[in-house]
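Take a look at the structure set out below.
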Amino acid sequence: MSRILGIKTVRSFAYAEPDTSLFPIDTFWRLVATLEGDATEIMQYGSPQGDIHLRVELASLLRERGVEAGPGDFIVTTGVTQGLSLVTQALTSPGDTIIVEEPTHPALLRVFEAHRVRPIAVRRDETGPDLDQLERIIVQYRPRFFCTIPAFHTPTGYSLAQPQRLMDVVQKHNLLVVEDDIYGLLSYDTVPAPALKAIDETDLVIYLGGFSKTIMPGLRIGFVQAPQPLLKHLLGLKQAIDLGTPTLMQRALAQFIWGGHFKAHLRRCLPLYTERRDHLLKALPQFMPRGTHWTRPGGGFSCWLTLPDELDSLTVQRAALRQGFAFTPSDIFLTDDHALRICFASHDKHTIYESIAALGEIMHTQLQ
Ligand SMILES: Cc1ncc(COP(=O)(O)O)c(C=O)c1O
């Protein structure tokens, strides 16, 4: 892309990626090397459900999200994406309806498109989904499930304010919920609130977790936790699709968590990401024209910038790209908002200020 536009480097705020300079490469490679003694076992066909060493660690990690589960309650997947795909395949037929949030993340929408299910959007604000609208959609469309990102939702960075109220609605209508908790541990202001699954007394919540944001997306490791009959179905599908996620990375990840490296890694990353979020929130009021609004993300990687009515997000995004700054325009998030997503995790203070100043100038120019 940058070659086509004749730009040497693009400062990209477009993707919700962790900072590569924080990747725990040395520790990870060292752990992989220590596994050489187990190589024959690791390189044999593994458990389709996932390496037991990792599933034990997942159970203890989930306890920190308020969820009680044993190692038998998970399937390790190739990222959250595969977990969502398995769940969608198990629960829907082409033409079925499911509910998503507006705005929502295109990675989720791509999965639904591949399975030919129809997403109906429920509006989400800083407190959570509009529950009246949610009930109307449930009654009208009889959806198969509601897919939500309760904690540090992308693109807004908001979290559910009253999770029990959402659970009351889904319990009333016996609607399954697919909880994507990929950002759950990336909390900047407070101890992370428990997962939605933690208050699920009727086994309606299917939990998806992963390590693409907290460690490195190249691990391609996620997991599903679901009630047993559904888990069995998902396991059959996982087996049919790939016979299991590669054991080497799973075992190294298990060692990484077991040895305390995951917690140490989060302790290192969270203050930096918090600082970057704060720099962004300081820069925005300095440079944005009147009529611009933005969210205050309590965690995760995304801030949602709603443009003044007169501006069009694609036009602003293209002008920014020509100057070497990438932001994501709102149209891919299944919304009519005129907005841009700003992913702030990968940039230092200087780049954040420079980029927001440039974006502000572009918007001021377009408003003239
Ligand atoms: C909300 C959300 N869910 C899922 C994914 C994809 O996760 P994974 O890399 O674990 O497949 C992303 C990636 O951006 C995401 O933002």
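Expressed to the nearest 5 percent, the antiparallel share of DSSP beta bridges inside the chain is 55 percent.
Membrane-span-like helices in the chain, defined here as complete DSSP H runs extending at least 18 Å along the helix axis by their C-alpha atoms with mean Kyte-Doolittle hydropathy no lower than 0.5, are 79-91; this is a sequence and geometry rule, not a statement about a membrane. Across the options Ala320, Met288, Phe344, the greatest Cα extent toward the positive end of the charge dipole of region 260-353 (unit charges at beta carbon of Lys, Arg, Asp, Glu) belongs to Phe344.
Dipole check for the chain: with +1 at the C-beta of Lys and Arg, -1 at the C-beta of Asp and Glu, and the Cα centre as origin, the magnitude is about 560 Debye. Each part gets one Cα centre, and for region 103-130 versus region 325-346 those centres are 15 Å apart. In this label model, Leu281 and Ile52 are separated by 4.6 nm, measuring between points 7 Å along each Cα→Cβ vector. Only helices enter this figure: runs of n ≥ 4 DSSP H residues, each worth -39500 (n - 2.57), summed and divided by the residues of the chain, yield -13500 deg cm²/dmol at 222 nm to the nearest 500. The simple Förster model, with R0 at 25 Å and r as the Cβ-Cβ distance, assigns Ser93 and Ile241 a FRET efficiency of 0.90.
The simple spin-label model puts a point 7 Å past each Cα toward its Cβ; for Glu361 and Arg290 those points are separated by 2.3 nm.
The distance between label points at Thr202 and Glu36 comes to 5.6 nm (points 7 Å beyond Cα on the Cα→Cβ vector). Take every Cα pair under 8 Å whose residues are at least 6 apart in sequence, average their separation, divide by the length of the chain, and the relative contact order is 25 percent.
Under unit Cβ charges (Lys, Arg +1; Asp, Glu -1), what dipole magnitude, rounded to 20 debye, does region 256-305 have relative to its Cα centre?
60 debye
Ranking of Tyr158, Tyr45, Tyr188 by neighbouring Cβ atoms within 10 Å, starting from the fewest: Tyr45, Tyr188, Tyr158. Anisotropy class assigned to the chain is oblate, per the alpha carbon gyration tensor with a/c at or over the 1.5 cut-off and a/b no larger than b/c. Let me know the shape class of region 180-299, please: from the alpha-carbon gyration tensor, a ≥ b ≥ c as square roots of the eigenvalues, rounded when a/c is under 1.5, otherwise prolate if a/b is greater than b/c, or oblate. Taking the square roots of the gyration eigenvalues as a ≥ b ≥ c, region 180-299 is prolate.
Taking only C-alpha pairs under 8 Å that are 6+ residues apart, what is the relative contact order of region 63-181 in percent? Over region 63-181, the number comes to 23 percent.
Sorting 270-277, 102-109 by their mean Cβ neighbour count within 10 Å, with the most densely packed peptide first, gives 102-109, 270-277. Distance from the alpha carbon centroid of region 25-79 to that of region 158-229 works out to 20 angstrom. Across region 163-183, the residues whose backbone nitrogen lies under 20 Å from the label position 7 Å along the beta-carbon direction of Asp132 are 163-173. Exposure proxy shown here: for Phe262, Phe301, Phe74, the number of other Cβ atoms within 10 Å sets the order, fewest to most, as Phe262, Phe74, Phe301. Take every Cα pair under 8 Å in region 198-257 that's 6+ residues apart, average their separations, divide by the length, and report that relative contact order as a whole percent. Relative CO of region 198-257 lands at 24 percent. In this structure, the amide hydrogen of Thr97, modeled 1.01 Å from its nitrogen in the peptide plane, lies closer than 5 angstrom to those of Arg118, Arg144, counting only residues at least 5 positions away or on a different chain. The Cβ shell under 11 Å around Glu102 holds other residues with a net charge of -3, Lys and Arg each +1, Asp and Glu each -1. Length gained on full extension, Gln323 to Trp258, computed as 0.36 nm times the residue gap minus the Cα-Cα distance: 18.9 nm. Counted by neighbouring Cβ atoms within 10 Å, the residues Arg65, Arg290, Arg30 run from fewest to most as Arg290, Arg30, Arg65.
When the chain is treated as a Gaussian network with alpha carbon springs shorter than 10 Å, the biggest mean-square fluctuation among Gly236, Gly298, Gly218 belongs to Gly218. The charge dipole of region 174-248, taken about the Cα centre with unit charges on the Cβ atoms of Lys, Arg (+1) and Asp, Glu (-1), comes to about 340 debye, rounded to the nearest 20. For region 65-151, what class follows from the C-alpha gyration tensor (a ≥ b ≥ c being the square roots of its eigenvalues): rounded when a/c is under 1.5, otherwise prolate if a/b is larger than b/c, else oblate? Because a/c hits 1.5 or more and a/b fails to exceed b/c, region 65-151 counts as oblate.
Any read-out appearing in this document is the output of simple, stated calculations on the displayed coordinates, not a laboratory observation. Computed from a predicted model, the values in this text were never measured in an experiment. A quick note on method: Cβ atoms are made from the backbone with ideal geometry, for glycine too, and the neighbour counts reach across all protein chains shown.
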